[in-house]
Structures are given as structure tokens and as C-alpha cells.
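Remarks on the structure that follows.
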Amino acid sequence: MSAVQLTRQGLIGKARLAGGRLFWVAAGVLAALVLVAIVAPFIAPRDPLDIDLSNVLASSSAQHLLGTDQSGRDIFSRILFGTRTSLLGPLGVVTFSTVLGVAAGVTAAWRGGWIDSIISRSSDVLFAFPGLLLAILAVSLFGTGLWAPVLALALAYTPYVSRLARSATLVERDRAYVAACRVQGFGGLRTCVRHVIPNIAPVILAQSTINFGYALIDLAALSYLGLGVQPPSPDWGVMVSEGQGSVMRGAPQQALYAGALIVTAVVAFNVIGEGLADRVGKRSR
Amino acid sequence: MDETLVAGATILEVEGLSKTFHVGGTWRGRGRVGVEAVRNLSLRLPQGGSIGLVGESGSGKTTTARLLVGLERPDAGTIRIAGRERSLGKVSASERRRRGREIQMVFQDPYTSLDPRQSVAEGVDEVLRFHFSLDSRERRARIEELLEQVGLGEREARALPRGLSGGQRQRVAIARALAAAPSVLILDEAVSALDVSIQAQILNLLGDIREQTQVSFIVVSHDLAVVRQITEETLVMYKGDVVERGETGSLLEQPNHPYTRMLLDSIPRIGWEPERISAERRAADLG
Amino acid sequence: MTALLDVHDLQVHLPVDGKLKPILSSVSFSIAEGETLGLVGESGSGKSMTARAIARLLPPGGEAAGEIRFGGSDVLALGGSELRAYRARSLGMVFQDPRAHINPVRRLGDFITESLRDAGQPTEAANERAIHLLSEVGLTDGGRLLGQFPHEMSGGMLQRVMIAAALANEPKLLLADEPTTALDVSTQAEIMAILLELRREHRLAVLFITHDLELAAATCDRVCVMYAGTIVEIQDASALFGAPLHPYTSALLASRPDISVRQRAQAIPGRPLSLFEAPPGCSFAPRCRFAVEDCLADRPDLRPVGPGRVACIRAEELDGATRGSEGSADG
């Protein structure tokens, strides 16, 4: 037993040193993005909606750090403001899908039997629907904007969370501390909320972080297709879409910068999610 | 030691307890096999007394323990605690809570029997809040008292399970079980996962607790020496049946059933002949 | 008797919480051909790490220094194919939990014959050998068993399969790490019977690792008692049991609950430590009721005393005293 414990601690030590740097870089990127989203109004040099048709598609200058777009709006300011919608959307998706997924997954595992069957089969059905398709369906029903696609994507992402929550709960349920709770007379709800969910939370958090990245891409894609956030609101997806036309006119900056940010953010979320999953995995084994 | 066997009212009375598990088969139940884990078990535990359930894996001793605390539902039989009979069917939340105050259990593996995210004091506090209406000062005093009773101090009270050794965790599990002030404590192989030098500490602790609190024990163990130290009566179980029962000392000194004898012979000692034991075991066809 | 395995002044360091910490210190012992040496200790004693160092299977980041000689060759210097050959042909290994070491989705035949087929034996011959090996561990229905999966067997049966597989390449030394701990007492007797018989028939040397001093005393020729990464005592098994030299050994014997009388067990205060947690001086001193000031000064070396060797500065003067305590009930 002692041997196993030592190995476990030893391995974590090494692995953290090796893979740790990238994790912290990603965390830094993420922190910067969140900060920017919060302070955007204070640091943006211009109003992101301010049109100046006399100065369209300008390249970078002291006045316009990253140049202007096809309507003469300041790209730098639009990118700063765009951080807000680009993070807010995925945050909504992840929050809803996590709450829904944990509730469904834990219930399925805890109750078992026909309840488990119903929950598991419905999540199988949801799995079969591509998230984007579901979002497009929602948009056609409820109209464009941020919230219809966010709710649709949240539904589409729920099975990923619920399946994980279910399997993690099945493992916890068989641990002696859960039996000890039952012997005390604790009800199922209390045991799940106070004991099981806190213990599966790290695994879920890791998955939800990865989902955040994917949701960001999906929402950017919807905006790009014109189904999500609508121009002229600043949003990275919208900016890629709007900047596309200018690429042929020799002004790729808007699409380029917005696209690069989408990629950076998604990679950062992925690295962090995988890193968290790694740590959780090592600790629980 | 033996006076407890006669003195004291019966606190736990079990009659005709049976449980069959159904395993395998298709989802419609075709081809299922019934395994009788416990067959017609009866016992009478006096207040402050201690009964050992011994046997090997598959003997039904752990199933019996789980039936007694309600982790499994018996197919037949009655369980009476302090004269109140337990119904076999579904129970209400308040009944569940009451049962928690009647009978508690300490599990084998100290590494999984505590919530890894709950500090020692929080764990005990949760149990006190759940069962009793005490104000926070009374609870703090009771937590301190319970932890002191199991030999833990300030530092351990604040610690998470991962900061504690196996023996300390088992002490926490005992404190948490005692927090519900049960009449009966079931010890399911409670010392067998511990280091040898720690086993003795916990056994002594359990002996002290029984003396101080008059709580009664059911000791589930494969270790006959452990049973010798902390029980007055012993039931030897084999494949769901009680094959022999009696006063612990005389049962271990003059075993009547061949299975009990085989268990005793299997204990390693100087001059031990495992070849002969395994030959006898095969001859007796005990497994 | 020439030693088959000679371990001299073995030191092992492992990364713990990111830092390299000492796990074993100056561990020295030898095993002769056909001898069974018991390695007894509690958590943190380093008994399993000793076996892993011998098999060169330390966890990643672990470092071993000192000398391990097997049949004359320097084990710590082996590399690549030599190391693989040493592990495959010289050593057999049996662990506590056979289920964790046997691939659950492959048939037992695959598991037993793997090393044989690796060594170039045709499947047919390997299967025949596997059936023979299974019969040696008391499983007569070998032909059928080869086609079965691990989940179809009991723990005791699987442990026999594990032993059979360990013997496939006719090793000279068997490393048995708590092979019976997870088993029922009567199954333990069977597995021990098999190991003892194999040792006799094949002149197999066995390094038998266990936490159970009684089991070691009952089955081994000599026993090393380990505490906090060091050997504190080596003696013939029967002598160790009757006349332990180290206070830790006698305290361990006294703390086992007695089956013949009901009496308060003599608990050892505190908990077993790992080497890196241990204070300077004798690691056991903080828990030892015979400790004096000198015990805290230097870590005692293993030195010959009477019939064995012991690492305790008070061994001579305590001779008898430590044992005397065993009979005197409550402490």
C-alpha cells in the first residue's frame, strides 16, 4: 500500500513539472481574456460601433492600433468588446449544460432501474443530434440572437456532462462513505448534494472547461453564418464573417485577428480542461 | 467477562433472517440463479454485549451485517431492536433517521469510508445536526468529546481524511458512528485493513468504548484472534448457514464443527503444515 | 552456501510530492538457492520497494544505489536486453492482487504462455507446458482453464494461475509480495502449501514479503524485519519468533491479539513511519518503550548479536526483557 501511495505522489510531482508550464500559460491567457471582458469599456480607445466611412479598411496606425474595418470601426476596440459576447455565450452554454447534466447523470446513477434507462436513452438520442443542427433549429423557431442558440447548445452539450456524471456517481456510490451516509439515515438527496456531487465536481469541471472551448467555436460558427449574434454587435464570429469580404480587398486584419483569438481561446480552454482532467485522474486513482 | 452474556436486557433480536441474491440471467430474468447468502439466522445480543460473526468470503457474515443496518432488505425474518420490530418494506425519512440512531456500522476500508472532502469535525458535526437538536456550542463540545473518546485532538479535527493515517481514519469512522449514539455498533472487519501495530490500538479503543458507553457490538471478522479479544459469543458461518455457535472462548478452544476446526488450523504458527491443512480441507470438501 | 542474490547497502530514493526522498537505507541481505527469506514490515517499511528494486521496477523517478548481485551479475548495471532477460528468466513475480495483474479480457492461456511464446516456443508446446504448470499448482483441469477468462475464477484460483505463470521460465528466484493477503485463511494455507512444495521440488529461492510475522515465521527459513526503510533484525524464523532481538519485533509480536487468551493487546503507540519521516537516530525510538537518550543520537547499524543480526544499541542488555513483557498482560 505504501508503495502505491508513494508512486502516486511521485508521479504527480514529475508530471506536473513536465506538463505544468503549458497549463499555466493557458491559465494566464484565460485570465487575461476574462479581465479584458470585464474592463473592455475602460480600456477600449473608441466606441466599437462608431462608424467612420472616411477611414475604412485602414491598416494599423497610432490612431487605430489594429486598423479599421469595412465601416471604418476600430478593430482593436471591437475585439476588446467582442471578448464579452464571445465568453458570455459559452459561459451560458456551460452553466446550463453542467447543471442539467449533473442533475440527470447523478439521478440516473443513484436511482438506477427504469429511471436510469429513460435518462440514458434520452441522452443517447440527444447525442445523435449535432449541436449546431439543434442550434439552427432553435434559431429558426425563436429567431437569431445570443440566447436561442445558447439554450439549444446547452441542451446538445448536456449528454456529455450527464454521461460523465453518471459514471462518476456509479463509482462514488459504491464507496463505503456513501454506505455510511445511508446507515446514518441520510436521504438520497442529501447524500447526493452534500457528498456525491462535491466529490465528482473536479471531473465535471474538467469536462465543462473543455466544453467551454467547443461552445465558443460553435457560437462563433453560428455568428459567422449570421444565425447568432447579429452585426453590428462586436463578436469574434461576426468579425470573421464581416472581415471575409475585405480579405480579397487586401485587408485581412479583421478576420485574421478575430480568428486568431478564437483559436487561442479554444486552445487555452482545451489545455486547461485536459490538465484538470489529468490531475483529477491521478488523484482519484 | 461472561456476566454480560446473562446480565442485561436483549437489545437486538434477530429471528429467521434470510437473504437470497439473484445473479446472472437475461434481462427478463430467464436463467437467473439464486444464491442464498444468509439462511435462517437468529441471534440475541444483550445490552452491552458483543457477538462475533466469523467465516470466510461467501459465508454470509457481511451480508448479515448489511441486512442489520438496512443496506440490504431481508427476504424473511424479523429484526427487533430494543423491542421494536423493523418492518421489511420501504421506510419513511423519519423512520430512517430513527434507525440511524439505533444501529451504526464501521466499515473495513478506512480509505473509502470517509468523505474525502469533509474535515473530521465537519463529518461528526453533520451527524450531530442530523440526529439531534443541539446549538452550535453544544455541538462543538460534543465533537470534542467524541474525538477525545477515540483519541483524536485539535489537529486531527481540522484535517481532511487524506491528511490522516489509516488508524486515525478508522478512529474518525468510529467517532462518526458513535455520534448518532447508537445502541448497537457493527464492526465489519474494522481492523483488518490496518497495520498490525495499529490493530491493537483500535481493539483496545473499542474495548474501552464498550465499557464506557454500554454500546453493544456485532463483530464481523475473518480473524479469530480479533473475535477472541472483543466478543463473548461467536457464530461461525459457512455458505450462509451458522454451523456452530457458542461462548467465544470455549468455541475456539473446543471447536465441534469441522469447519471451525479447519479455520483454527489455518492460522499460521511455528510448526504449521499448510500442506496437511489443504489436504484435509479437500478431503472434508469444504470449498 | 553461495548466495543466489546478494543485496548490499541498497539505498532507494523516490520522488514524493515532487522532491526526491529516501525510502530505503543501507538494506543488506542475501538469499541462497532454495532458501525462503521473509521480509516483514508495516506500511512505509519499504518491504515492497526492496522487491521492486531487485526487479529493477522502481516507480518513475526512483533511484537505486548500492549493490544488487544476482548469480554474480550486477543487477543495477544491467541495461536493455540484458535487463529484460534477467527479469524474464531469473525472476518470477507474484503479487497481492492477481486480478490487477492479469489482463481481464484475455484468456488465462494467453497470460500463462505469453513469456514462453516470447521466448520463441511454438503455441502448441507452450500450451502443453502451461497445462503442466497448472497441474503443479494443483489445477488439474488445465486444458479447460486455458480457455477461461479471469472473471470466471476465484481469487485463490487466480493466484495459482499467477504462480504458474511466474514459474513458466523456470526462474531461480520468486518475488512473492503479500501473495496471500487478499485471500481467505484456508485459501492462504493452500497457496502457501503450493509455494513450499515448489520451493522443495525446484530448489526455488523465495523472497516472501508479508505484514504477517506469524505467517513469515511459519513458512520462511530466515526473516528480515523492516522498519522505516531499514532492516532492524535478521534471524532464523523459529529463533525470531521465540527470541526476538529488536524491541520492534517483540512489540509487533506482543501487539497481535492472542487467540488462546483474552487479554488487552499491547499496542505500540504512534504509527509506522516512512524513512523520510523518521527522526535521526533509531527510527523506532519514538515508539519504543526501551528508548534511552543514546538511541536518538545515531542510526544504529545492523550488527551480529547472538544467533542473528540486529540494529539496536541495547540489544544485549534487553535480551529477555523485551520478551518478558509479552506475558505481562495489560500495559
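FYI, it's all coordinate maths here, none of it is from the lab. Just so it is clear, the model here is predicted, and its values are computed rather than measured. As a convention, Cβ positions derive from the backbone with ideal geometry for all residues, glycine included, and neighbour counts pool all protein chains shown.
In this structure, the amide hydrogen of A:Q70, modeled 1.01 Å from its nitrogen in the peptide plane, lies closer than 5 angstrom to those of A:L57, counting only residues at least 5 positions away or on a different chain.
As a proxy for reagent exposure, C:V225, C:V206 were ordered by neighbouring Cβ count within 10 angstrom, fewest first; the result is C:V206, C:V225. Distance between the 7 Å Cα→Cβ label points at C:E293 and C:L57: 4.8 nm.
Inter-label distance, C:Q263 to A:L137: 7.8 nm, where each label sits 7 Å from its Cα along the C-beta direction.
Taking the protein assembly as shown as the region of interest, the number of lysine pairs whose Cα atoms are within less than 22 Å, with members eight or more places apart or on different chains, is 12. Just to confirm the filter: which trypsin sites (Lys or Arg not before Pro) across segment B:201-274 are DSSP coil and have at most 12 other Cβ within 10 angstrom of their Cβ? Passing both the DSSP loop test and the Cβ count: B:R269.
As a calculated quantity, the FRET efficiency between C:A65 and B:R155 at R0 = 35 Å, using C-beta atoms, amounts to about 0.45. Taking the longest Cα principal axis of chain C as reference, the axis of helix C:185-202 is set at about 70 degrees.
For Cα pairs less than 8 Å apart in space and 6+ apart in sequence, what is the mean separation divided by the residue count of chain B, i.e. the relative contact order in percent? Across chain B, relative contact order equals 24 percent. Taking a point 7 Å from the Cα of B:F21 along the Cα-to-Cβ direction, the residues of segment B:69-83 with backbone N closer than 12 Å to it are B:72. Between 0 and 90 degrees, rounded to the nearest ten: what's the tilt of helix C:155-166 against the longest Cα principal axis of chain C? Around 80 degrees separate the two axes.
If R0 is 22 Å, the Cβ-Cβ spacing of B:R30 and B:L71 corresponds to a FRET efficiency of close to 0.20. For every helix of n ≥ 4 consecutive DSSP H residues, a contribution of -39,500 (n - 2.57) applies; sum these over chain C, divide by its total residues, and give [θ] at 222 nm rounded to the nearest 500 deg cm²/dmol. Value at 222 nm, helices only, nearest 500: -9000 deg cm²/dmol.
Note on C:L76 and C:E201: the model spin-label points, each 7 Å out from Cα along the C-beta direction, lie 3.7 nm apart. Counting other Cβ atoms within 10 Å as a rough exposure proxy, the listed residues B:R84, B:R98 run B:R84, B:R98 from fewest neighbours to most.
Please say if segment C:121-238 is rounded, prolate or oblate, where rounded means a/c under 1.5 for a ≥ b ≥ c the square roots of the C-alpha gyration tensor eigenvalues, and otherwise the choice is prolate for a/b larger than b/c and oblate otherwise? Prolate.
Summing +1 for each Lys or Arg and -1 for each Asp or Glu, what net charge is found among the other residues whose Cβ lies under 9 Å from the Cβ of A:P234? Could you put the intermediate results ahead of the total?
Values: positive: A:R73, A:R78, A:R84; negative: A:D235.
Taking every other residue near A:P234 into account, the sum is +2.
When chain C is described by a simple charge dipole with +1 on each Lys and Arg Cβ and -1 on each Asp and Glu Cβ, the residue from C:A228, C:L78, C:M153 located farthest towards its positive end is C:M153.
With a Förster radius of 30 Å, plug the Cβ-Cβ distance of B:Q254 and B:R282 into 1/(1 + (r/R0)^6) and report the FRET value to the nearest 0.05.
Working from the Cβ atoms, E equals 0.75.
Going by neighbour counts of Cβ atoms within 10 Å, the residues C:K19, C:K172, B:K61 line up, fewest first, as C:K19, C:K172, B:K61.
Dipole magnitude for the protein assembly as shown: computed about the Cα centre from +1 point charges on Lys and Arg Cβ and -1 point charges on Asp and Glu Cβ, it is near 2500 debye. Amide hydrogen proximity for B:T20: with H placed 1.01 Å from N in the peptide plane, the residues at 5 or more positions away or on another chain lying under 5 Å are B:A37, B:D75.
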